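As structure tokens, the structure follows; a few thoughts come after it.
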Amino acid sequence: MTLSTKKNIIHHTIEFHAPSLENEVGFLFTNVDAPTHIHDGFAEFSLITSGEWLHAFEGTTRHFQKNTLIYLGTNTVHSLTPCIPDSNHFTFFFKEDYLRETLEKFFPERMDILTTKYKETMLSPNVASFLLYEAHEMIGSRTSFRHEMEFQNYIHNLIYFMFFKGDIFSETSTKNKHAFTLRTYFDNYLFLDEPLVAIYQMFPLSPATLIKQFESETGQTIVQYRNDKRMEYASLLLKDYKMTIIDVANKVGISSPSHFAAEFKKKFGVSPKEFSKRHVI
């Protein structure tokens, strides 16, 4: 079964992004099996959110538990079957063109991902919960002007955790491994709007120790480093997505527009309003 038409996509009980991404992006939360089908021009991420599942791909069947993230490239054949009651998974699929655009924009050194047919990884509970929360946010934005931005951000995050997380967490020999992980989150524009107290709770060490490690790793405080990344991300949102200044400030976790404007001007030498005007097409 292909996913190349709306009629065929409906077998997956999909809600669509609307209007411009109709028939090109789909997502679902389900506890029923996904029968054998072909991803005709689509890539897919599936996150096991509860229970246990059997995944069949190219003659091999794998047993997956909660917090497993699965990637299927384009033109692959697979199926997913629940093993026990109360088994659920979230699936998100999208046209190959969107995958290419995201790689070109954020991960140009990893265009080989376009030819990857299958990959899996076990996520930490915190990361799995984060991706599930972001999925709800993305779906909730599908009728607003922000939906394409939310959609591309979500693909970015899925690619990051699937293809780069292993490289990061393999750095077990480094003295500042937790600071290295946090730095990488910020470098990929993750958790920029989270309160620091919530970020500290993600790591198995005291906030004071993490802060000390982070300064040793980067030469900056966590607040300074994250603020730089907030402004970088804000400039991207203003330039590429034409968001309002208030929406951008909220997106990067700064509730005061005046404070956001002051920090932005400190970073780029111009106000957000002037920056936005300069990049009007």
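Just so it is clear, none of the values below were taken in a lab; they were calculated from the coordinates. All figures in this text were calculated on a predicted structure; none of them were measured in a lab. Cβ sites come from the backbone with ideal geometry, for glycine too, and all protein chains shown count toward neighbours.
Run the quick spin-label model on D33 and T81: label points 7 Å from Cα toward the beta carbon, then report their separation in nm to one decimal.
About 0.4 nm separates the two model spin labels.
Work out, step by step, the length gained on full extension between E52 and S129: first 0.36 nm times the residue separation, then minus their alpha carbon distance; give nm to one decimal. Please report the intermediate quantities before stating the final value.
On the way: separation 77, 0.36 × 77 = 27.72 nm, distance 1.70 nm.
Roughly 26.0 nm would be gained on extension.
For segment 171-278, max minus min Cα coordinate along each principal axis, in Å, sorted largest first?
47, 21, 21
Just in segment 207-273: which chymotrypsin sites (Phe, Trp or Tyr not before Pro) are loop by DSSP and have at most 13 other Cβ atoms within 10 Å?
Details: sites: F214, Y225, Y233, Y241, F260, F264, F268; in loops: Y241.
Nothing satisfies the criteria.
How far apart, in nm, are the 7 Å Cα→Cβ label points at Q220 and L205?
Result: 2.0 nm between the two label points.
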